[in-house]
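Shown next, in structure tokens, is the structure this report addresses.
Please treat every number below as a calculation from the coordinates, not as lab data. If you're wondering where the values come from, they're calculated on a predicted model, not measured in any experiment. Positions of Cβ are generated from backbone atoms using ideal geometry, with glycine treated the same way; all protein chains shown enter the neighbour counts.
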Amino acid sequence: MTAPTPMLKLGTRRSPLAMAQAEEARARLCAAHGWREEQVELVPVTASGDRIQDRPLAEIGGKALWTKELDAWLLAGEIDFAVHSLKDVETIRPAGIAIAAILPREDVRDVLVGAASIHALPRGARVGTSAPRRAAQLLHARPDCTVVPFRGNVATRLAKLQAGEADATLLALAGLNRLGQHGVGHPLDAEDWLPAPGQGAIAIECRAGDEAVRALLAAINDTPSHAAVTAERALLAALGGNCHSPIAVLTRAEGPALVMEAALFSPDGAERVAGEIRFAAGDDAAPGRLADDLLARAVPAIAVHFTGR
């Protein structure tokens with residue numbers, strides 16, 4: 001007689017998008033191992049980043065506000081693994097925590113809500129975003145526009161737009177798709193409007209030394225997605241950026257190779273430096289070479305926001 005599969009506890013933020021991502025992770029894990037979904041318990045937490053909505057993330061502790069509660073639960077053994085939007089996970093993680101799996105990456109594009117394109121925005125339009133990357137890219141393309149700070153989940157930001165707090169806003173298409181909100185806004189071409197590092201990817205973390213859980217999670221790891229986002233995080237690490245550093249990057253597969261395009265901006269969008277590199281998946285040094293090239297060509301208004309390596 002087969003022994004019953006032990007109950008696993010999956011930690012997640014309590015926001016609607018985070019819960020949808022946790023449901024996807026649970027469904028994929030249970031399908032891979034032939035489990036009933038009730039054998040994986042969802043354990044939600046209200047993260048600090050969800051509680052504090054009146055200030056930009058970079059001013060109140062950065063990306064750690066999305067992860068620190070789940071990190072503490074994971075390290076204390078209160079949960080067995082945790083699910084995050086990878087773009088919200090700090091580049092340097094606690095030594096006791098490992099990214100054990102990346103789910104198949106969703107659409108990486110941003111969506112503009114309120115106009116058909118960046119160039120179609122009315123002159124002087126107010127655009128709601130608290131992301132330095134989106135703000136800098138917007139102001140680079142449309143210096144006549146004004147950035148209005150927008151924080152909150154998808155519903156909150158759409159409500160602020162409806163209330164007239166801005167003329168337009170930017171959202172991640174991956175999040176809208178995972179929430180079932182199709183047809184909202186206008187997707188922006190990812191070649192012209194590069195996404196955030198890790199955008200569209202769901203990361204599953206567990207304790208680094210928990211070999212049993214790591215083996216279970218390996219069954220749902222998407223190797224191409226993992227390779228692309230690992231390269232993007234290596235670029236971040238080599239640049240030495242932080243939550244104030246406007247960086248955009250897109251990594252795509254071309255046959256056995258990866259092609260990474262990246263751009264760095266000054267926060268006001270006035271300055272931009274871009275580059276591209278082609279490399280074999282698993283060449284961990286390649287993103288660092290691109291980082292070195294970008295920083296070597298960056299003007300001081302950009303370089304001051306990156307420490308390099």
Region 235-309 and region 169-211: distance between their alpha carbon centers, rounded to Å:
19 Å
Between A32 and A257, what is the spin-label point distance in nm, taking each point 7 Å from the Cα along the Cα→C-beta axis?
3.1 nm
Relative contact order (%) - the chain, alpha-carbon pairs under 8 angstrom, separation at least six
20 percent
For E191 and Q162, FRET efficiency with R0 = 30 Å and r from the beta-carbon atoms, rounded to 0.05?
0.50
I need the per residue convex hull volume for the chain, using only the alpha carbons, in cubic angstrom as a whole number.
133 Å³
Modelling each spin label as a point 7 Å along the Cα-to-Cβ direction, I'd like the A301/A76 distance in nm, to one decimal.
4.7 nm
Roughly what would the spin-label model give for A155 and R289, points 7 Å off Cα along C-beta, in nm?
4.8 nm
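Let me have the relative contact order for region 234-303, percent, based on Cα pairs under 8 Å that are six or more residues apart.
Details: 107 pairs, mean separation 22.4, N = 70.
Relative contact order comes out at 32 percent.
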